[in-house]
Amino acid sequence: MMPDAKTAARPLLLAALIGTAALTLSACAPLVVGGAAATTAVVITDRRTSGAQLEDQNIAFKAERQIGEKLGDTARVNAMSYNGVLLLTGDVPSEAAKAQATTVAQGVQHVKSVVNQLKIGPAASFGTRSNDTWLTSKVRTTLLNTKYVPSATIAVTTDHGVVYLMGLVTEAEGNYAATAASEVGGVAKVVKLFEVISREEALRLSGPGTQPQGQPSNSSTPQQTRAPIESGSGGSVDGVQVMPIK
């Protein structure tokens, strides 16, 4: 029996839809590859290895879950990990709860260090959290369009208007990124938590055909920053800098 016209057209229609979707994705988003689970994706232009990217995703997930189980509904804790450095943001009811969060986070497998930026007080309102999400989106777009900034390897999160930047960057790239983020409307402060690498290392990690520009010729030894200072006036402590907002 010959298939009717509608049945015969279905495979062609499906192929056309898949082709259109592929073209749309390639034009609008970086190339990603799936991990072992359907919920994971690795950005190829990230300077971390694919294994490090997936490990950071797992670290953040485990930290949020375990801290949530420990502190309960009185706390709102968000976690972001980059190369094993775990950043905690959000709200907790007391200093004791903040200390507990650090202890739990340090116990998560593969965590190298914890940067605890939790605030003491009631959980942020829905409006505040929505504004933070919007600011993160605006900062990411700004970095994407900023010259000399390797935006694909920079992680961004915002809490109470404070923007946190993590990534593998040269000193110059980090300065460009932080300056650009500080100029986004609504940003109260920018905290740099970059792992600073040399220009040569940036070239190696970025792959052939790339050229980090605007870099000083004398490369510094790679060093990882740890704990940010709490000031909006600019300055640095242990290599971590806060950008003043004009």
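No value in this document is a laboratory result; all are computed from the given coordinates. Being a predicted model, the structure only gives us computed values, none of them experimental. A quick note on method: Cβ atoms are made from the backbone with ideal geometry, for glycine too, and the neighbour counts reach across all protein chains shown.
Some values worked out for this structure:
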quantity	calculated
Amide H contacts under 5 Å for residue 94, placed H, 5+ residues apart	121
Set of aspartates and glutamates with alpha-carbon distance to residue 112 below 18 Å, sequence-local pairs under 8 removed	55, 56, 64, 195, 238
For segment 155-201 versus segment 120-154, the gap between their alpha-carbon centres in whole angstrom	11
Cα-based shape type of segment 32-162, given that a ≥ b ≥ c are square roots of the gyration tensor eigenvalues and the cut on a/c is 1.5	oblate
Ranked 76, 199, criterion: other C-beta atoms within 10 Å, fewest first	76, 199
